[in-house]
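S.K.: Before we start, here is the structure in question, set down as C-alpha cells.
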Amino acid sequence: MEKKAQRNFLWIALLVLGTIWILARHNRTQPYYTINGLIFGTVYNITYQYDGDLKVEIDEELKRFDGSLSPFNDTATITRINRNEDIVPDTFFTNVFRRSMEISKETDGAFDITVAPLANAWGFGFKKGAFPDSAMIDSLLDITGYTKVTLSNEGKVVKQDERMMLSCSAVAKGYAVDVIAQFLAKKGIKNFMVDIGGEIVAQGENPKKDLWRIGINKPVDDSLSINQELQTVLNVTGVGIATSGNYRNFYYKDGKKYAHTIDPRTGYPVQHNILSATVIAKDCMSADAYATAFMVMGLEEAERFADAHPDIDACFIYTDDKGELQTYYTKGMKRFITSD
C-alpha cells in the first residue's frame with residue numbers, strides 16, 4: 001500500500017512539474033524572426049513571432065506556388081494552360097481564377113486576367129512583342145475578355161479561342177502573400193507581417209507590441225526603385241494591402257510615355273493622372289486585383305467604385321491640373337493613417 005502511494009505521489013509530482021513547464025514555455029516571450037529572399041523576380045520580407053526559423057518551409061511553399069502561377073516557369077500550370085494542354089488545374093490556380101472572375105465582373109472588365117496578349121504586345125508581359133498598331137490591337141481584342149474563358153464542371157479551363165492566354169501577374173503576388181499568411185496561421189502564429197514585392201498581410205502586433213506600420217512610397221519616375229521617400233504611413237493589423245502604380249514600370253517611344261497598365265477594354269496603356277492606388281481589403285489577393293482595376297479606371301471612376309464598396313479602403317495619389325501631387329483617401333482609409 002505504501003509503495004502504491006509513493007507511485008501515485010510520483011505521478012502527481014511529474015504531472016505538476018510538466019504543467020509548470022508547459023505554462024512557463026507558453027508564457028515566456030517568443031522571439032521575432034525576420035527572413036527574406038527572392039521570388040517572382042522580387043524580394044520578400046517576412047517577420048513573425050515563433051520558436052524557430054521557417055525559411056526553408058516558406059521557400060518550399062513559394063516554390064510550389066511558382067510552379068502553379070508563374071508564366072515564366074515553363075512547367076507551371078498557367079504556362080501549360082496557355083499552351084492548351086489538357087490538364088486539371090491545381091488549387092492555387094483555381095482559387096486565383098475564380099476570384100479574378102468575380103472581380104472582373106464587379107469592375108466591368110477593368111481587371112481581366114486574359115489581358116496577357118495585349119501586355120505582351122506592348123512589351124510589359126512575359127513575352128516581348130513589337131510596338132503594336134491599331135489593327136493589331138483590334139485583332140488582339142478578339143482573343144481577350146474575361147467572359148470568353150470559364151472553368152468546366154471537371155475544373156478545366158475552357159477558352160472560346162485557343163489563342164487566348166492568361167496572366168495572373170496582377171493578382172498572384174497578393175495571393176502568394178495570403179498563402180504564406182495562412183501557412184503561418186496554421187503554425188499557431190498570431191503576430192506576423194508578410195511582404196512580397198510590396199504586397200502585404202499584417203496580423204497581430206509588431207515586435208514593439210504595436211500595430212504594424214506600412215509606408216506608401218511617394219510616386220515619382222523611378223524605374224530603378226532607388227527613391228524610397230514615403231507619402232503616407234499606415235497603422236494596420238488583420239488586413240491585406242496592395243499598391244499598383246505606373247511610376248516605375250514604363251518606357252518612352254517617340255517622346256511619348258507608355259505606362260505598363262493596359263486597359264483590357266480598349267487594348268491601350270492607360271493615360272490617366274492617377275499615379276498609384278493603394279488598397280486595403282480583407283485579403284491581399286483582392287487588394288491586389290482592385291488596385292490594378294483602379295489604375296485602369298482612372299481617378300473619378302475609382303473614387304466612385306471605392307466609395308460604393310465599404311469592404312475595401314483606398315488611397316489614390318494623382319497629379320492635378322498644375323502637375324502637383326495630390327492624395328485622395330476613402331473615409332475608411334483615414335482611420336489607418338498615423339499621425340506621427
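The values are calculated or read from the model by the stated rules, or taken from the named source; none is laboratory data. Worth saying up front: this structure is predicted, and the values here are computed from it rather than measured. Note: ideal-geometry Cβ built from the backbone for every residue, glycine included; neighbour counts use all protein chains shown. Each accessible area value is taken on the protein alone, full model and side chains, heavy atoms only, with ligands, DNA and RNA left out. Shrake-Rupley method; radii C 1.70, N 1.55, O 1.52, S 1.80 Å.
S.K.: Determine whether the range 6-23 contains at least one residue that is in contact with a Phe, Trp or Tyr (Cβ under 8 Å, 6 or more places away or on another chain), more than 30 Å from Ile78 (Cα to Cα), open to solvent by 60 Å² or more (accessible area, probe 1.4 Å) and modelled with pLDDT under 95.
M.R.: No, the range 6-23 has no match at all.
S.K.: Same structure, new question: When only residues in the range 51-65 that are open to solvent by 60 Å² or more (accessible area, probe 1.4 Å) and closer than 25 Å to Arg213 by Cα count, which is modelled with the lowest pLDDT?
M.R.: My answer is Asp53.
S.K.: Which of the residues spanning the range 46-66 are among the acidic types (Asp, Glu) and assigned to a loop (DSSP other than H, G, I, E, B)?
M.R.: Asp51, Asp53
S.K.: Let me ask you something else. Filter the range 274-315 down to residues that are within 22 Å of Cys168 (Cα to Cα) and among the acidic types (Asp, Glu) and give me whichever is most open to solvent (accessible area, probe 1.4 Å).
M.R.: Once the filter is applied, the top-ranked residue is Asp283.
S.K.: Another question, if that's okay. Only residues that are in contact with a Gly (Cβ under 9 Å, 6 or more places away or on another chain), outside any loop (DSSP other than H, G, I, E, B) and either modelled with pLDDT of 90 or more or of a type in the set (Lys, Arg) (or both): list them for the range 105-133, please.
M.R.: Ala116, Pro117, Leu118 - these are the residues of the range 105-133 that are in contact with a Gly (Cβ under 9 Å, 6 or more places away or on another chain), outside any loop (DSSP other than H, G, I, E, B) and either modelled with pLDDT of 90 or more or of a type in the set (Lys, Arg) (or both).
S.K.: Restricting attention to the range 302-317, does a residue exist that is in contact with a Gly (Cβ under 9 Å, 6 or more places away or on another chain), over 24 Å from Asp178 (Cα atoms) and either touching a residue at least 24 places away in the same chain (Cβ under 8 Å) or not aromatic (Phe, Trp, Tyr) (or both)?
M.R.: Yes, some residue in the range 302-317 is in contact with a Gly (Cβ under 9 Å, 6 or more places away or on another chain), over 24 Å from Asp178 (Cα atoms) and either touching a residue at least 24 places away in the same chain (Cβ under 8 Å) or not aromatic (Phe, Trp, Tyr) (or both).
S.K.: Being more than 17 Å from Asp283 (Cβ to Cβ) and open to solvent by less than 50 Å² (accessible area, probe 1.4 Å) is the filter here; which residues of the range 156-187 pass it?
M.R.: Selection gives Val157, Lys159, Asp161, Met164, Met165, Leu166, Ser167.
S.K.: Further question: Out of the residues in the range 67-91 meeting the condition of being in a helix (DSSP H, G or I) and polar (S, T, N, Q), tell me which one is least open to solvent (accessible area, probe 1.4 Å).
M.R.: Step by step, filter the range 67-91, then rank; the result is Ser68.
S.K.: Which strands (runs of 3 or more DSSP E) does the range 199-316 wholly contain that include 2 or more residues that are modelled with pLDDT under 95 and over 23 Å from Tyr44 (Cβ atoms)?
M.R.: 250-253, 256-259, 274-281
S.K.: Are there any pairs, at least 6 apart or on different chains, whose C-beta atoms fall under 9 Å, with the first in the range 133-152 and in contact (Cβ under 8 Å) with a residue 40 or more places away in the chain and the second of a type in the set (Asp, Glu) and open to solvent by less than 60 Å² (accessible area, probe 1.4 Å), and if so, which?
M.R.: Within 9 Å, the pairs are Thr144/Asp112; Gly145/Asp112; Tyr146/Asp112.
S.K.: Do the conditions hold for Val177, that is, is it at negative phi, touching a helix residue (DSSP H, G or I) at 6+ places or on another chain (Cβ under 8 Å) and assigned to a strand (DSSP E or B)?
M.R.: Spelling it out, it is not the case that Val177 is at negative phi, touching a helix residue (DSSP H, G or I) at 6+ places or on another chain (Cβ under 8 Å) and assigned to a strand (DSSP E or B).
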